[in-house]
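The values are calculated or read from the model by the stated rules, or taken from the named source; none is laboratory data. What you see is a predicted model, and the numbers here were worked out from it, not measured in a lab. Here the Cβ positions follow ideal geometry from the backbone for every residue, glycine too, while neighbour counts run over all protein chains shown. Accessible surface areas use protein heavy atoms only, side chains included; no ligands, DNA or RNA. Shrake-Rupley method; radii C 1.70, N 1.55, O 1.52, S 1.80 Å.
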Amino acid sequence: MIDVKAFEAKSNKFKGGFKSFFNEWMILFLFIFLFAICSVSSAKFRTTDNIMNILRQASFISIIALGEFFVILIANMDMSITSIIGMTSIFFAGLVVNAGVPIFWAIVIVFALAIAVGIINGLLTIYGHMPSFIATLTVMNIIKGIYFIYSKGLPISGLPDSFNFLGAGYIGFIPFPVILMLIVATALHIFTQHTELGRSFYAVGGNVEASKLSGINVKFIGVLAFVFSAVLSCVGALGLTSKTLSGNVGIGENLLFDVMTIVVLGGTSLTGGRGKIFGVVIGALFLQVISNIMILMSINSYWQWVVKGIILVVVVLIDSNSKHD
Amino acid sequence: MFWDRSPRLVVAVGMEEKMDAEKLVEVKNCTMIFPGVRALDNVDFTLLAGECHGLVGENGAGKSTLSKCIIGDNQMTEGELYVRGEQIAIPSYSVRKSRALGIAIVHQEFQLMEDLSGLENMFIGRYEKKGPVIDWKKLQQKGEEILAYLQCEVDLSIKVKHLRTAEKQIIQLAKAMLDDPKVLILDELTAVLQEEGIKNIFRIIGLLKARGIGIVYISHRLDEIFECCDSYTVLCDGKYINSGYVREINKQQLVKMIIGRELKNVYPEKNTDFGETILEVRHLTSPNAFNDVSLEVKAGEVIGISGLLGAGKTELLHAIYGNQKISSGEILIKGKPVRIKNPKQAIKLGLGVVPDERRLLGLNMLFNIKDNTTLPSMGRFKKWKIFQDHRKEAEAAFEINEKLNLKYYSLWQQVNKLSGGNQQKIVIAKWMLRNCDVFLLDEPTRGIDIGAKFEIYSLINELAKAGKAVVLVSPELEEIIGLSNRVYVMYEGNVMDVVEGDDIRQEVIIHELLGVKEK
């Protein structure tokens, strides 16, 4: 005979509540709300072309933000991403255009460089116990100096047209960057939710000491977070470079603020241990929709800084004051 | 063997005259209720002018709560408080008011700013000013006056972090003297001091008493009570036990009063079916924590490690677990010498730790029950050797938590809202799920209510019966006695004694524990 009551009690214990689902996906509901308002109020907004445009513009920045996500997840901060982007862009173009290195090998080399920078960030922060803000800020300036010395601040143009596919190509009617972004996000989602290593980032972010006592190699996880950040910034940089087919020192200049906003907007807690991959993706779309609608309404683009600033303040205020216990 | 501070009865001359000395503080029928806990239950306490009154009792007996009621940090739920004969209105009583009434407290922990000078620490927030600027000259003069009053010499101009522990304690004391208090509460002031520093404190106490100040002296070390106190009050489990003159009792009587009750039969029958030796520690030393500690524990055995705060118990557990540096000695698991460099290796060797700070070290407060339970054993639940199988994890977490009788509504519930006892069960559950051979338990019943304590006790017993080796650290003697097959008593980093079988009695252990040499 089956004990119905015990069975019901058991199955209840295997269910999460709806309330927590709503809280965790707040950004999704906000995004749907924003999207609906924009669609209703602007005819230009709801065209397929415009929506594809938004998706394409959001794709590389969300890949970059996904890297920063890992660092913020372990309650640190990576300020060096703007320089990693600049470095990738300049050295990639330099290698291909000036040194005649095949594109494949140029990509391998810039990835290796990015990994090296990530490891340096990680070593300074995790093993050197430097505050990550200062460590990565310093690294940012050093790298910036190096690629400015190499390029003298000038753009390096003349990349082959075929490379344009990465940033501007289409598969069917869907832009290639969007597909790339979805692949990266899905892979990272599976990694963070369904692998031991991925879960360890949440454990370390939530409580370093308890994680250590539970047998997690917390220092390895720490360094790995910075490597992820650097590598994904490198991917984003290649995409941005491919759009203009030239290496450019200023390519990552104003991205840091947007990236931080996206990560936090996506529900990642600045105190660590909380956040979701697709939350970040939606955060990127959210910010892109705001930029887009402001342009369509022909509002002076400087207003975007004001609006994005206010958004970041509001989101961080909510994060800092919500009780995580 | 160690410091010989044999009891010396100090009887204040003219005690009889003090019978009609002014009552500085009088507490009547004080009851203090915190949510779910009756921390003080109908306690009386009287402090006379010019006396040193020892407030004694075990951890959690209510000593600190009572002193907090007196200084206005807690407002007593019921009862009356008189300061120098005047009844105090309890609801509006505060630390600020008690200070104005001449009550000061010196805590065991340092509440000093390490990078400021001793002088500035004394006067912080109460600077003398000349116009808009601080009058350093006047402060210097005042500070020196107070030190002269205490007959102490401490260089006030150097940063506090460069001072010795005893000197820091003097600065704290001097700071408390600023308001010219009539009542001085010393809360375990000597716990961090060495012999010489303690002697100096006693000398100062004598001085202050002679000037008519009443002193409430809280200490764990019973010898000190006999050395410097005139009268005593014993608390046990928040209840008033007795008070009187120190000269009228001896130490045995005092110990009996502190322990209070008979051991209640809350402890399950100890397991006696032992297997092979699982963990052996030989001559383990960790600098500044413990020296030359050797112990062993067999399968099915519970060993207790007993000692006061600072005896090195927690450090010992962490050293075995690879989380604290060791300078010499070796660890053997199942007879094989091992080098444990970090907790990860310790876990691989079958060790599991339940740390004392459950919220800080034991659990990930942002994680749900399932994730906390399976954290150290995630490797066991994999699909195609890569992906986590959440279903299997949940099934396993469900099974173990049901077995431990955990109160929860969903496995996806965050652990932070669970009660202390339930949280502790999860910490233990995660090591049971990991199937550890050795359980290192550091104060497993800290801060959990009495019912949950009993459940943890029977859990420990079941672990032993299942052939696990258990190392139990606890400040509660009763617990150690009720659960352990063998007790190692530590004092200031050394194992003083190993007590086994029928010798595991409170009277035997408490003397070792307090560093009292038995003749």
**Fill in**
Condition set at the interface with chain A (Cβ under 7 Å from one of its Cβ atoms) and modelled with pLDDT of 85 or more, scope region B:372-386, selection farthest from A:Ile190 (Cα to Cα): answer is B:Pro376
**Request:** Can you work out which of the residues in region A:195-204 that are surrounded by 24 or more Cβ atoms within 10 Å (Cβ to Cβ) and within 23 Å of A:Ala116 (Cα to Cα) is farthest from the other protein chains (Cβ to nearest Cβ)?
**Result:** A:Phe201
**Message:** Given the options A:Gly215, A:Gly309, name the one that is open to solvent by 10 Å² or more (accessible area, probe 1.4 Å) and within 14 Å of chain B (Cβ to nearest Cβ).
**Reply:** A:Gly215
**Asked** Take the residues of region B:455-488 that are crowded, with 23+ Cβ neighbours inside 10 Å and assigned to a strand (DSSP E or B): which is farthest from the chain's Cα centre (by Cα)?
**Response** B:Ala469
**Asked** Which numbered condition trips up B:Leu156, out of (1) closer than 29 Å to B:Thr233 by Cα; (2) in contact with a strand residue (DSSP E or B) (Cβ under 8 Å, 6 or more places away or on another chain); (3) not in a helix (DSSP H, G or I)?
**Response** (1)
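From B:Ile331, B:Ile347, grab the single residue that is under 22 Å from A:Gly206 (Cβ atoms), touching a Pro at 6+ places or on another chain (Cβ under 9 Å) and either of a type outside the set (Phe, Trp, Tyr) or part of a helix (DSSP H, G or I) (or both).
Numbers: B:Ile331 fails: under 22 Å from A:Gly206 (Cβ atoms).
Result: B:Ile347 is the single residue among B:Ile331, B:Ile347 that is under 22 Å from A:Gly206 (Cβ atoms), touching a Pro at 6+ places or on another chain (Cβ under 9 Å) and either of a type outside the set (Phe, Trp, Tyr) or part of a helix (DSSP H, G or I) (or both).
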**Request:** Give region B:290-347 a look and list any residue that's of a type in the set (D, E, K, R) and within 12 Å of chain A (Cβ to nearest Cβ), or say none.
**Result:** B:Lys341, B:Lys344
**Asked** Would it be correct to say that B:Ile185 is at pLDDT 80 or above, in a helix (DSSP H, G or I), open to solvent by less than 30 Å² (accessible area, probe 1.4 Å) and under 21 Å from B:Glu227 (Cβ atoms)?
**Response** no
**Request:** Give region B:292-310 a look and list any residue that's over 19 Å from the mean Cα position of the chain (by Cα) and either over 30 Å from B:Glu188 (Cα atoms) or surrounded by fewer than 18 Cβ atoms within 10 Å (Cβ to Cβ) (or both), or say none.
**Result:** B:Asp292, B:Ser294, B:Leu295, B:Glu296, B:Val297, B:Lys298, B:Ala299, B:Gly300, B:Glu301, B:Val302
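So, in region B:440-454, exactly how many residues are surrounded by fewer than 24 Cβ atoms within 10 Å (Cβ to Cβ) and either among the β-branched types (Val, Ile, Thr) or modelled with pLDDT of 85 or more (or both)?
Going through region B:440-454 one residue at a time, the tally reaches 4.
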**Message:** Name the residue that is nearest to the other protein chains (Cβ to nearest Cβ), counting only residues in region B:388-440 that are of a type in the set (Phe, Trp, Tyr) and part of a loop (DSSP other than H, G, I, E, B).
**Reply:** B:Trp412
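So, in region B:348-371, exactly how many residues are touching a strand residue (DSSP E or B) at 6+ places or on another chain (Cβ under 9 Å) and within 7 Å of another protein chain (Cβ to nearest Cβ)?
Residues flagged as touching a strand residue (DSSP E or B) at 6+ places or on another chain (Cβ under 9 Å) and within 7 Å of another protein chain (Cβ to nearest Cβ) within region B:348-371 amount to 7.
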**Request:** Run down A:Ser298, A:Ser233, A:Ser320 and say which single residue is free of Cβ contacts under 8 Å to residues at least 40 places away in the same chain and among the hydroxyl-bearing types (Ser, Thr, Tyr).
**Result:** A:Ser298
**Complete:** Counting only residues that are more than 20 Å from the chain's Cα centre (by Cα) and either over 22 Å from A:Leu240 (Cβ atoms) or touching a residue at least 24 places away in the same chain (Cβ under 8 Å) (or both), region A:88-106 contains a total of 10
**Asked** So B:Cys229 fits all but one of (1) crowded, with 18+ Cβ neighbours inside 10 Å; (2) under 21 Å from the mean Cα position of the chain (by Cα); what number is the exception?
**Response** (2)
**Fill in**
Here the residues within region A:246-271 that are within 12 Å of A:Leu73 (Cα to Cα), surrounded by fewer than 19 Cβ atoms within 10 Å (Cβ to Cβ) and not polar (S, T, N, Q) are A:Leu270
**Item:** Any pair with Cβ under 6 angstrom, 6 or more apart, that starts in region A:146-159 at a residue that is under 9 Å from A:Val249 (Cβ atoms) and ends at one that is open to solvent by less than 80 Å² (accessible area, probe 1.4 Å) and of a type in the set (Ser, Thr, Tyr)
**Value:** A:Pro155/A:Ser246
**Test: B:Val255 is open to solvent by less than 50 Å² (accessible area, probe 1.4 Å) and more than 22 Å from the chain's Cα centre (by Cα)** = no
